[in-house]
1. In nanometres, what is the gap between the two model label sites at residue 236 and residue 100, each 7 Å from Cα along Cα-to-Cβ?
2. Provide 129, 37 ordered by accessible surface of protein heavy atoms (probe 1.4 Å), highest first.
3. If 177, 245, 515 are ordered by their accessible area, calculated over protein heavy atoms with a 1.4 Å probe, which sequence runs from highest to lowest?
4. Convert each backbone phi in region 296-304 into a coupling constant with the Karplus relation 6.51 cos²θ - 1.76 cosθ + 1.60 (shift: θ = phi - 60°), then list the ³J(HN,Hα) values in order as whole Hz, x for Gly and Pro.
5. Taking the full set of protein chains and a 1.4 angstrom probe, give the accessible area of residue 236 in square angstrom, rounded to the nearest 10.
6. Tell me, what ³J(HN,Hα) does each residue in region 87-97 have, in order and in whole Hz, if you take phi through Karplus 6.51 cos²θ - 1.76 cosθ + 1.60 with θ = phi - 60° and put x for Gly and Pro?
7. May I ask you to give the percent of accessible area on region 109-265 that is carbon plus sulfur, with a probe radius of 1.4 Å?
8. Using only DSSP helix segments of four residues or longer, with each worth -39500 (n - 2.57), what per-residue ellipticity at 222 nm results for the chain after dividing by its residue count and rounding to 500?
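The values are calculated or read from the model by the stated rules, or taken from the named source; none is laboratory data. Just so it is clear, the structure is predicted and the values come from calculations on it, not from any experiment. All Cβ positions, glycine included, derive from the backbone under ideal geometry; neighbour counts span all protein chains shown. Accessible surface areas use protein heavy atoms only, side chains included; no ligands, DNA or RNA. Shrake-Rupley method; radii C 1.70, N 1.55, O 1.52, S 1.80 Å.
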Amino acid sequence: MKKIYLLLTLCLSSQTTLVFAQSKDPVRKDPVVESIVKEATDNSQLEKLGHELMDVIGPRLVGSPQMQQAHDWAVAKYKDWGISAKNEKWGEWRGWERGVSHIDMVAPRVKSLEGMQLAWSPGTNGKTVTADVVILPDVADSVAFQKWLPSAKGKFVLISMNQPTGRPDYNWQEFATKESFDKMKKDRDVQTEAWANRLKKTGYSSRALPLALEKAGAAGVVMSYWSKGFGANKIFGAYTKAIPTVDISLEDYGLLYRLAESGHTPKISVRADAKETGISQTFNTVGEIKGTEKPNEYVILSAHFDSWDGGSGATDNGTGTLVMMEAMRILKKIYPNPKRTILVGHWGSEEQGLNGSRAFVEDHPEIVQNIQAVFNQDNGTGRVVNLSGQGFLNAYEYLTRWLSKVPEPIRTPIQTSFPGAPGTGGSDFASFVAAGAPAFSLSSLNWSYGTYTWHTNRDTYDKIVFDDVRSNAILAAILAYQASEDPTKTSRDKSILPLDAKGVPGAWPEPRKPTRRGGLD
Ligand SMILES: [Zn+2]
(Lines give C-alpha, C1' and ligand atoms only; values in the text may rest on other atoms or scores of the structure.)
Protein backbone atom coordinates (compact mmCIF):
# COMPACT_ATOMS: atom_id res chain seq x y z
CA MET A 1 0.00 0.00 0.00
CA LYS A 2 2.75 2.35 1.01
CA LYS A 3 4.70 1.56 -2.14
CA ILE A 4 1.73 2.23 -4.36
CA TYR A 5 1.08 5.46 -2.53
CA LEU A 6 4.65 6.60 -3.03
CA LEU A 7 4.52 5.69 -6.69
CA LEU A 8 1.30 7.59 -7.13
CA THR A 9 2.73 10.57 -5.34
CA LEU A 10 5.68 10.61 -7.68
CA CYS A 11 3.56 10.32 -10.79
CA LEU A 12 0.82 12.78 -10.06
CA SER A 13 0.89 16.55 -10.12
CA SER A 14 1.34 18.26 -6.79
CA GLN A 15 -2.27 19.35 -6.72
CA THR A 16 -3.54 15.83 -7.22
CA THR A 17 -1.17 14.66 -4.51
CA LEU A 18 -2.79 17.09 -2.12
CA VAL A 19 -6.26 15.76 -2.85
CA PHE A 20 -5.00 12.20 -2.50
CA ALA A 21 -3.39 13.00 0.83
CA GLN A 22 -6.55 14.72 1.98
CA SER A 23 -8.71 11.75 1.18
CA LYS A 24 -6.88 9.91 3.96
CA ASP A 25 -7.74 12.70 6.36
CA PRO A 26 -10.64 11.69 8.67
CA VAL A 27 -12.21 15.13 8.32
CA ARG A 28 -13.02 14.42 4.68
CA LYS A 29 -15.52 11.88 5.85
CA ASP A 30 -17.85 14.56 7.17
CA PRO A 31 -20.14 15.30 4.23
CA VAL A 32 -20.97 18.78 5.54
CA VAL A 33 -17.28 19.67 5.73
CA GLU A 34 -16.70 18.27 2.27
CA SER A 35 -19.60 20.25 0.85
CA ILE A 36 -18.39 23.44 2.53
CA VAL A 37 -14.96 23.03 0.96
CA LYS A 38 -16.48 22.21 -2.42
CA GLU A 39 -18.84 25.19 -2.42
CA ALA A 40 -16.08 27.58 -1.30
CA THR A 41 -13.79 26.25 -3.99
CA ASP A 42 -16.10 25.72 -6.97
CA ASN A 43 -18.54 28.55 -6.46
CA SER A 44 -16.59 31.27 -4.65
CA GLN A 45 -18.29 34.65 -4.56
CA LEU A 46 -15.31 36.38 -2.96
CA GLU A 47 -13.99 38.22 -6.02
CA LYS A 48 -17.42 39.52 -6.93
CA LEU A 49 -18.21 40.60 -3.37
CA GLY A 50 -14.78 42.19 -3.04
CA HIS A 51 -15.26 44.17 -6.24
CA GLU A 52 -18.71 45.38 -5.25
CA LEU A 53 -17.66 46.39 -1.75
CA MET A 54 -14.16 47.80 -2.29
CA ASP A 55 -14.39 49.17 -5.84
CA VAL A 56 -18.01 50.18 -6.31
CA ILE A 57 -18.94 51.29 -2.77
CA GLY A 58 -15.42 52.12 -1.59
CA PRO A 59 -14.13 52.99 1.87
CA ARG A 60 -16.53 52.96 4.78
CA LEU A 61 -15.75 55.80 7.14
CA VAL A 62 -18.16 56.01 10.07
CA GLY A 63 -20.93 58.49 9.32
CA SER A 64 -20.20 58.60 5.57
CA PRO A 65 -22.81 57.85 2.90
CA GLN A 66 -20.61 54.95 1.73
CA MET A 67 -20.90 53.32 5.15
CA GLN A 68 -24.66 53.43 4.80
CA GLN A 69 -24.49 52.08 1.24
CA ALA A 70 -22.37 49.19 2.47
CA HIS A 71 -24.90 48.32 5.19
CA ASP A 72 -27.73 48.36 2.66
CA TRP A 73 -25.68 46.33 0.19
CA ALA A 74 -24.94 43.65 2.81
CA VAL A 75 -28.59 43.34 3.81
CA ALA A 76 -29.54 42.97 0.12
CA LYS A 77 -26.87 40.29 -0.38
CA TYR A 78 -28.13 38.30 2.58
CA LYS A 79 -31.71 38.58 1.33
CA ASP A 80 -30.52 37.24 -2.06
CA TRP A 81 -29.06 34.26 -0.27
CA GLY A 82 -32.22 33.68 1.75
CA ILE A 83 -30.66 34.86 5.01
CA SER A 84 -32.63 37.30 7.12
CA ALA A 85 -30.60 40.40 7.92
CA LYS A 86 -31.17 43.89 9.23
CA ASN A 87 -29.39 47.10 10.04
CA GLU A 88 -29.56 47.73 13.73
CA LYS A 89 -29.08 51.32 14.86
CA TRP A 90 -26.69 51.90 17.75
CA GLY A 91 -25.76 55.56 17.56
CA GLU A 92 -25.09 58.75 15.63
CA TRP A 93 -22.02 60.28 14.11
CA ARG A 94 -20.92 63.41 12.33
CA GLY A 95 -21.87 62.95 8.69
CA TRP A 96 -19.11 63.76 6.23
CA GLU A 97 -18.56 62.91 2.60
CA ARG A 98 -15.14 62.93 0.98
CA GLY A 99 -14.92 64.82 -2.32
CA VAL A 100 -11.95 65.40 -4.60
CA SER A 101 -8.53 66.40 -3.33
CA HIS A 102 -6.25 68.11 -5.87
CA ILE A 103 -2.87 69.27 -4.70
CA ASP A 104 -0.40 70.84 -7.14
CA MET A 105 2.90 72.57 -6.69
CA VAL A 106 2.77 75.72 -8.84
CA ALA A 107 6.12 77.31 -7.90
CA PRO A 108 9.09 77.20 -8.31
CA ARG A 109 7.94 74.70 -10.94
CA VAL A 110 4.77 72.81 -11.66
CA LYS A 111 4.12 69.31 -10.37
CA SER A 112 0.92 67.56 -9.41
CA LEU A 113 1.39 66.09 -5.97
CA GLU A 114 0.20 62.81 -4.54
CA GLY A 115 -1.91 63.54 -1.52
CA MET A 116 -5.40 63.81 -0.12
CA GLN A 117 -7.34 65.53 2.59
CA LEU A 118 -7.69 63.63 5.84
CA ALA A 119 -11.07 62.26 6.91
CA TRP A 120 -13.40 64.98 8.22
CA SER A 121 -11.18 67.72 6.82
CA PRO A 122 -12.96 70.94 5.98
CA GLY A 123 -12.93 71.58 2.24
CA THR A 124 -11.92 74.72 0.37
CA ASN A 125 -15.52 75.79 -0.34
CA GLY A 126 -15.40 75.13 -4.05
CA LYS A 127 -12.30 77.25 -4.54
CA THR A 128 -8.69 76.43 -5.29
CA VAL A 129 -6.48 77.94 -2.62
CA THR A 130 -2.97 78.89 -3.72
CA ALA A 131 -0.40 79.89 -1.11
CA ASP A 132 3.24 79.67 -0.04
CA VAL A 133 4.44 76.68 1.91
CA VAL A 134 6.35 77.21 5.16
CA ILE A 135 7.91 74.79 7.61
CA LEU A 136 6.83 74.76 11.24
CA PRO A 137 9.68 76.75 12.79
CA ASP A 138 12.08 75.51 15.42
CA VAL A 139 11.44 78.07 18.15
CA ALA A 140 12.93 78.43 21.62
CA ASP A 141 9.66 78.01 23.49
CA SER A 142 5.90 78.55 23.41
CA VAL A 143 6.31 82.31 23.84
CA ALA A 144 8.48 82.46 20.73
CA PHE A 145 5.94 80.30 18.91
CA GLN A 146 3.14 82.73 19.77
CA LYS A 147 5.31 85.48 18.29
CA TRP A 148 5.77 83.46 15.12
CA LEU A 149 2.14 82.38 14.75
CA PRO A 150 0.89 85.53 12.93
CA SER A 151 3.34 84.76 10.12
CA ALA A 152 1.42 81.53 9.42
CA LYS A 153 -1.39 83.70 8.08
CA GLY A 154 -2.22 82.82 4.51
CA LYS A 155 0.38 80.01 4.39
CA PHE A 156 0.28 76.25 4.10
CA VAL A 157 2.25 74.96 7.08
CA LEU A 158 4.27 71.72 6.97
CA ILE A 159 3.95 70.04 10.37
CA SER A 160 5.59 66.63 9.79
CA MET A 161 9.26 65.74 9.88
CA ASN A 162 10.97 65.38 6.55
CA GLN A 163 11.97 61.72 6.41
CA PRO A 164 15.67 61.24 5.63
CA THR A 165 14.91 58.29 3.35
CA GLY A 166 11.95 57.11 1.32
CA ARG A 167 13.35 53.60 1.28
CA PRO A 168 11.91 51.15 3.79
CA ASP A 169 14.38 49.61 6.23
CA TYR A 170 14.13 46.18 4.58
CA ASN A 171 15.46 47.78 1.41
CA TRP A 172 18.42 49.32 3.27
CA GLN A 173 18.98 46.02 5.02
CA GLU A 174 19.30 44.31 1.68
CA PHE A 175 21.51 46.78 -0.16
CA ALA A 176 23.28 49.22 2.17
CA THR A 177 26.62 48.61 3.80
CA LYS A 178 26.18 47.96 7.47
CA GLU A 179 27.94 51.25 8.31
CA SER A 180 25.69 53.21 6.01
CA PHE A 181 22.48 51.61 7.35
CA ASP A 182 23.57 52.16 10.95
CA LYS A 183 24.44 55.78 10.23
CA MET A 184 21.07 56.43 8.56
CA LYS A 185 19.19 54.93 11.49
CA LYS A 186 21.19 56.97 13.97
CA ASP A 187 20.65 60.19 12.03
CA ARG A 188 16.97 59.43 11.74
CA ASP A 189 16.64 58.82 15.48
CA VAL A 190 18.31 62.13 16.23
CA GLN A 191 16.10 63.91 13.71
CA THR A 192 12.94 62.22 15.03
CA GLU A 193 13.72 63.33 18.55
CA ALA A 194 14.52 66.86 17.41
CA TRP A 195 11.19 67.05 15.56
CA ALA A 196 9.27 65.82 18.59
CA ASN A 197 11.00 68.58 20.54
CA ARG A 198 10.14 71.16 17.92
CA LEU A 199 6.46 70.22 18.25
CA LYS A 200 6.67 70.24 22.03
CA LYS A 201 8.23 73.71 22.12
CA THR A 202 5.18 75.17 20.35
CA GLY A 203 3.29 74.53 23.59
CA TYR A 204 0.53 72.68 21.72
CA SER A 205 -0.43 69.01 21.59
CA SER A 206 -0.56 67.34 18.19
CA ARG A 207 -4.34 67.74 18.33
CA ALA A 208 -4.24 71.43 19.30
CA LEU A 209 -1.48 72.59 16.96
CA PRO A 210 -3.55 72.42 13.73
CA LEU A 211 -6.28 74.43 15.46
CA ALA A 212 -3.77 77.06 16.59
CA LEU A 213 -2.54 77.37 13.00
CA GLU A 214 -6.13 77.64 11.82
CA LYS A 215 -6.83 80.38 14.36
CA ALA A 216 -3.75 82.25 13.18
CA GLY A 217 -5.22 82.30 9.67
CA ALA A 218 -3.13 79.58 7.97
CA ALA A 219 -4.39 78.50 4.55
CA GLY A 220 -4.08 74.85 5.48
CA VAL A 221 -2.17 72.20 7.37
CA VAL A 222 0.12 69.88 5.40
CA MET A 223 1.49 66.66 6.80
CA SER A 224 2.94 63.33 5.76
CA TYR A 225 2.38 60.24 7.88
CA TRP A 226 4.72 57.80 6.21
CA SER A 227 3.92 54.15 6.86
CA LYS A 228 7.54 53.06 6.30
CA GLY A 229 6.91 51.30 2.99
CA PHE A 230 7.25 52.47 -0.61
CA GLY A 231 4.27 54.67 -1.46
CA ALA A 232 2.34 54.01 1.72
CA ASN A 233 0.98 56.73 4.02
CA LYS A 234 -1.47 56.35 6.84
CA ILE A 235 -4.57 58.48 6.48
CA PHE A 236 -6.49 59.31 9.65
CA GLY A 237 -8.77 62.18 10.65
CA ALA A 238 -8.23 65.96 10.60
CA TYR A 239 -8.38 68.18 13.68
CA THR A 240 -8.94 71.46 11.83
CA LYS A 241 -12.47 72.86 11.72
CA ALA A 242 -12.24 75.51 8.99
CA ILE A 243 -9.10 74.95 6.89
CA PRO A 244 -8.09 71.79 5.05
CA THR A 245 -5.64 69.26 6.47
CA VAL A 246 -3.93 67.31 3.72
CA ASP A 247 -1.52 64.40 3.75
CA ILE A 248 1.13 64.33 1.02
CA SER A 249 3.24 61.35 -0.05
CA LEU A 250 6.73 61.11 1.40
CA GLU A 251 8.27 61.93 -1.98
CA ASP A 252 6.25 65.08 -2.62
CA TYR A 253 6.35 66.20 0.99
CA GLY A 254 10.14 65.91 0.98
CA LEU A 255 10.26 67.95 -2.21
CA LEU A 256 8.23 70.78 -0.67
CA TYR A 257 10.21 70.63 2.54
CA ARG A 258 13.61 70.84 0.83
CA LEU A 259 12.48 73.68 -1.41
CA ALA A 260 11.12 75.63 1.56
CA GLU A 261 14.28 74.94 3.53
CA SER A 262 16.57 76.14 0.73
CA GLY A 263 14.62 79.38 0.33
CA HIS A 264 12.88 78.54 -2.95
CA THR A 265 9.46 79.28 -1.44
CA PRO A 266 7.29 76.58 -2.94
CA LYS A 267 3.67 77.46 -3.61
CA ILE A 268 0.88 74.89 -3.75
CA SER A 269 -2.70 74.95 -4.94
CA VAL A 270 -5.19 72.92 -2.98
CA ARG A 271 -8.72 72.10 -3.95
CA ALA A 272 -10.52 69.93 -1.43
CA ASP A 273 -14.20 69.19 -1.61
CA ALA A 274 -15.86 67.90 1.51
CA LYS A 275 -19.50 67.84 2.39
CA GLU A 276 -20.89 67.97 5.91
CA THR A 277 -24.01 65.83 5.75
CA GLY A 278 -25.42 66.51 9.21
CA ILE A 279 -26.08 63.82 11.76
CA SER A 280 -25.74 60.25 10.45
CA GLN A 281 -27.37 57.25 12.04
CA THR A 282 -24.88 54.45 12.71
CA PHE A 283 -25.66 50.76 12.38
CA ASN A 284 -24.50 47.20 12.70
CA THR A 285 -25.62 44.78 10.00
CA VAL A 286 -26.75 41.57 11.67
CA GLY A 287 -27.73 38.45 9.73
CA GLU A 288 -29.22 35.26 11.11
CA ILE A 289 -29.66 31.60 10.28
CA LYS A 290 -32.10 30.44 12.94
CA GLY A 291 -31.22 27.42 15.07
CA THR A 292 -33.55 24.43 15.01
CA GLU A 293 -32.76 22.73 18.32
CA LYS A 294 -31.29 25.51 20.43
CA PRO A 295 -32.44 28.71 18.74
CA ASN A 296 -31.57 30.75 21.84
CA GLU A 297 -27.92 29.77 21.79
CA TYR A 298 -25.66 31.65 19.40
CA VAL A 299 -22.61 31.18 17.25
CA ILE A 300 -21.45 34.57 15.98
CA LEU A 301 -19.30 35.28 12.94
CA SER A 302 -17.83 38.71 13.45
CA ALA A 303 -15.93 41.33 11.45
CA HIS A 304 -16.05 45.09 11.53
CA PHE A 305 -17.54 46.71 8.49
CA ASP A 306 -16.21 50.24 8.74
CA SER A 307 -12.78 51.44 7.61
CA TRP A 308 -10.55 54.45 7.33
CA ASP A 309 -10.81 56.07 3.95
CA GLY A 310 -7.32 56.60 2.51
CA GLY A 311 -7.73 53.45 0.42
CA SER A 312 -10.83 51.32 0.19
CA GLY A 313 -10.50 49.40 3.44
CA ALA A 314 -9.65 46.22 1.53
CA THR A 315 -7.64 44.40 4.19
CA ASP A 316 -9.01 46.40 7.12
CA ASN A 317 -11.49 45.02 7.18
CA GLY A 318 -12.87 44.21 3.74
CA THR A 319 -11.26 40.79 3.87
CA GLY A 320 -12.69 39.91 7.28
CA THR A 321 -16.05 41.07 5.98
CA LEU A 322 -15.75 38.87 2.88
CA VAL A 323 -14.73 35.87 5.00
CA MET A 324 -17.85 36.12 7.17
CA MET A 325 -20.25 36.91 4.31
CA GLU A 326 -18.95 34.01 2.24
CA ALA A 327 -19.06 31.69 5.26
CA MET A 328 -22.70 32.67 5.88
CA ARG A 329 -23.60 32.16 2.22
CA ILE A 330 -22.01 28.71 2.24
CA LEU A 331 -23.60 27.74 5.56
CA LYS A 332 -27.06 28.73 4.37
CA LYS A 333 -26.60 26.56 1.29
CA ILE A 334 -24.89 23.54 2.89
CA TYR A 335 -26.10 23.65 6.48
CA PRO A 336 -29.39 25.55 6.43
CA ASN A 337 -30.79 24.09 9.65
CA PRO A 338 -28.14 24.59 12.30
CA LYS A 339 -28.77 23.35 15.82
CA ARG A 340 -27.86 26.71 17.31
CA THR A 341 -28.60 30.09 15.76
CA ILE A 342 -25.74 31.38 13.63
CA LEU A 343 -25.46 35.17 13.59
CA VAL A 344 -23.16 37.34 11.57
CA GLY A 345 -22.22 40.78 12.90
CA HIS A 346 -20.81 43.45 10.60
CA TRP A 347 -19.98 46.10 13.18
CA GLY A 348 -19.87 49.84 12.66
CA SER A 349 -17.17 52.19 13.97
CA GLU A 350 -14.65 49.64 15.16
CA GLU A 351 -11.92 52.08 14.18
CA GLN A 352 -13.03 54.69 16.72
CA GLY A 353 -13.10 52.20 19.61
CA LEU A 354 -15.08 49.00 18.90
CA ASN A 355 -18.25 51.07 19.11
CA GLY A 356 -20.64 48.91 17.09
CA SER A 357 -19.74 45.66 18.85
CA ARG A 358 -19.69 47.28 22.31
CA ALA A 359 -23.16 48.64 21.61
CA PHE A 360 -24.34 45.19 20.47
CA VAL A 361 -23.02 43.61 23.66
CA GLU A 362 -24.71 46.30 25.75
CA ASP A 363 -28.02 46.08 23.85
CA HIS A 364 -28.29 42.28 23.72
CA PRO A 365 -27.51 40.71 27.10
CA GLU A 366 -29.91 37.87 26.22
CA ILE A 367 -27.70 36.94 23.27
CA VAL A 368 -24.37 37.54 24.99
CA GLN A 369 -25.30 35.23 27.90
CA ASN A 370 -26.04 32.46 25.44
CA ILE A 371 -23.09 32.69 23.11
CA GLN A 372 -21.54 29.38 22.18
CA ALA A 373 -18.62 31.08 20.42
CA VAL A 374 -17.67 34.23 18.53
CA PHE A 375 -15.15 34.09 15.69
CA ASN A 376 -13.77 37.45 14.62
CA GLN A 377 -11.30 38.18 11.84
CA ASP A 378 -9.62 41.53 11.46
CA ASN A 379 -5.93 41.61 10.72
CA GLY A 380 -5.60 41.44 7.02
CA THR A 381 -5.89 39.20 4.02
CA GLY A 382 -3.63 36.37 5.19
CA ARG A 383 -4.39 32.78 6.08
CA VAL A 384 -5.28 32.28 9.72
CA VAL A 385 -2.17 31.16 11.60
CA ASN A 386 -2.93 31.96 15.24
CA LEU A 387 -5.79 31.13 17.55
CA SER A 388 -5.69 31.93 21.25
CA GLY A 389 -8.04 30.62 23.90
CA GLN A 390 -8.41 34.22 25.20
CA GLY A 391 -7.91 33.06 28.75
CA PHE A 392 -10.93 30.74 28.82
CA LEU A 393 -9.86 27.77 30.86
CA ASN A 394 -11.52 25.09 28.77
CA ALA A 395 -11.28 26.66 25.35
CA TYR A 396 -8.54 24.19 24.43
CA GLU A 397 -11.04 21.36 24.66
CA TYR A 398 -13.74 22.60 22.33
CA LEU A 399 -11.56 24.66 20.00
CA THR A 400 -9.16 21.82 19.27
CA ARG A 401 -12.07 19.44 18.81
CA TRP A 402 -13.73 21.78 16.30
CA LEU A 403 -10.41 22.46 14.58
CA SER A 404 -9.83 18.74 14.13
CA LYS A 405 -12.64 18.80 11.56
CA VAL A 406 -10.87 21.41 9.45
CA PRO A 407 -8.99 20.06 6.40
CA GLU A 408 -5.33 19.51 7.12
CA PRO A 409 -3.78 22.21 4.86
CA ILE A 410 -5.89 24.87 6.58
CA ARG A 411 -5.60 23.44 10.09
CA THR A 412 -1.91 22.60 10.35
CA PRO A 413 -0.47 26.13 10.05
CA ILE A 414 -2.70 27.36 12.89
CA GLN A 415 -0.71 27.81 16.10
CA THR A 416 -2.98 27.55 19.09
CA SER A 417 -2.22 28.97 22.51
CA PHE A 418 -4.16 27.88 25.60
CA PRO A 419 -5.48 29.22 27.79
CA GLY A 420 -4.00 32.42 26.33
CA ALA A 421 -4.78 35.83 27.76
CA PRO A 422 -8.05 37.74 27.39
CA GLY A 423 -7.78 40.34 24.63
CA THR A 424 -8.42 43.85 25.86
CA GLY A 425 -8.84 45.54 22.50
CA GLY A 426 -7.60 45.53 18.95
CA SER A 427 -10.81 44.27 17.45
CA ASP A 428 -14.40 43.37 18.18
CA PHE A 429 -13.87 39.97 19.80
CA ALA A 430 -12.62 41.97 22.80
CA SER A 431 -16.08 43.48 23.31
CA PHE A 432 -17.45 39.97 23.82
CA VAL A 433 -14.51 38.69 25.90
CA ALA A 434 -15.02 41.64 28.25
CA ALA A 435 -18.59 40.44 28.77
CA GLY A 436 -17.31 36.94 29.60
CA ALA A 437 -18.43 35.36 26.33
CA PRO A 438 -16.10 32.90 24.59
CA ALA A 439 -14.90 35.01 21.70
CA PHE A 440 -11.87 34.33 19.57
CA SER A 441 -9.70 36.06 17.03
CA LEU A 442 -8.85 34.25 13.82
CA SER A 443 -5.46 35.85 13.46
CA SER A 444 -3.81 36.11 10.04
CA LEU A 445 -0.41 35.83 8.47
CA ASN A 446 0.66 39.45 8.13
CA TRP A 447 1.39 40.06 4.42
CA SER A 448 3.13 43.34 5.47
CA TYR A 449 -0.19 44.49 6.90
CA GLY A 450 1.16 47.03 9.39
CA THR A 451 3.41 48.73 6.86
CA TYR A 452 1.53 48.58 3.62
CA THR A 453 -2.19 48.31 4.12
CA TRP A 454 -3.28 48.97 7.71
CA HIS A 455 -5.00 52.38 7.60
CA THR A 456 -3.05 53.38 4.50
CA ASN A 457 -3.77 54.85 1.09
CA ARG A 458 -2.65 51.49 -0.37
CA ASP A 459 -5.35 49.37 1.27
CA THR A 460 -7.05 48.50 -1.98
CA TYR A 461 -8.61 45.56 -3.83
CA ASP A 462 -5.33 44.49 -5.47
CA LYS A 463 -3.83 43.66 -2.03
CA ILE A 464 -6.43 40.96 -1.39
CA VAL A 465 -4.99 37.44 -1.58
CA PHE A 466 -8.11 35.55 -2.54
CA ASP A 467 -6.72 32.05 -1.99
CA ASP A 468 -6.02 32.96 1.63
CA VAL A 469 -9.40 34.62 2.09
CA ARG A 470 -11.07 31.51 0.63
CA SER A 471 -9.20 29.34 3.07
CA ASN A 472 -10.39 31.58 5.93
CA ALA A 473 -14.00 31.41 4.73
CA ILE A 474 -13.80 27.61 4.80
CA LEU A 475 -12.31 27.75 8.30
CA ALA A 476 -14.97 30.16 9.59
CA ALA A 477 -17.79 28.10 8.09
CA ILE A 478 -16.50 24.84 9.57
CA LEU A 479 -15.90 26.37 13.00
CA ALA A 480 -19.43 27.82 12.99
CA TYR A 481 -20.83 24.44 11.91
CA GLN A 482 -18.92 22.62 14.64
CA ALA A 483 -19.79 25.16 17.35
CA SER A 484 -23.42 24.87 16.35
CA GLU A 485 -23.42 21.07 16.42
CA ASP A 486 -21.54 20.63 19.69
CA PRO A 487 -23.72 18.61 22.11
CA THR A 488 -22.56 20.72 25.05
CA LYS A 489 -22.61 24.42 25.75
CA THR A 490 -19.12 25.90 25.91
CA SER A 491 -17.58 26.56 29.30
CA ARG A 492 -16.97 30.18 30.28
CA ASP A 493 -14.63 29.40 33.14
CA LYS A 494 -11.88 31.97 33.24
CA SER A 495 -8.26 31.28 33.98
CA ILE A 496 -6.60 33.12 36.81
CA LEU A 497 -4.28 35.64 35.24
CA PRO A 498 -0.62 35.77 36.19
CA LEU A 499 0.81 38.44 38.48
CA ASP A 500 2.20 41.48 36.71
CA ALA A 501 5.72 42.87 37.20
CA LYS A 502 4.62 44.58 40.43
CA GLY A 503 3.13 41.36 41.80
CA VAL A 504 -0.46 42.50 41.24
CA PRO A 505 -2.80 39.78 39.95
CA GLY A 506 -3.94 40.35 36.38
CA ALA A 507 -7.58 41.39 36.04
CA TRP A 508 -10.03 40.30 33.37
CA PRO A 509 -11.24 43.16 31.17
CA GLU A 510 -14.59 44.77 32.00
CA PRO A 511 -17.19 45.75 29.40
CA ARG A 512 -16.72 49.30 28.17
CA LYS A 513 -19.29 51.80 26.97
CA PRO A 514 -19.47 52.49 23.27
CA THR A 515 -19.32 56.06 22.00
CA ARG A 516 -22.88 56.42 20.73
CA ARG A 517 -22.54 60.01 19.56
CA GLY A 518 -19.32 60.72 17.76
CA GLY A 519 -17.63 63.71 16.14
CA LEU A 520 -20.56 65.97 16.99
CA ASP A 521 -19.16 68.12 19.81
ZN1 LIG B 1 -9.70 46.48 11.50
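1. Rounded to a tenth, the inter-label distance reads 3.0 nm.
2. Descending accessible area places them as 129, 37.
3. Heavy-atom accessible area, descending, gives 177, 515, 245.
4. After applying 6.51 cos²θ - 1.76 cosθ + 1.60, I find 9, 10, 10, 10, 10, 8, 9, 6, 6 Hz.
5. Solvent-accessible area, nearest 10 Å²: 50 Å².
6. With the stated coefficients, region 87-97 comes to 9, 10, 6, 10, x, 9, 9, 4, x, 8, 10 Hz.
7. Ligands and nucleic acids excluded, carbon and sulfur reach 55 percent.
8. It comes out at -10500 deg cm²/dmol, rounded to the nearest 500.
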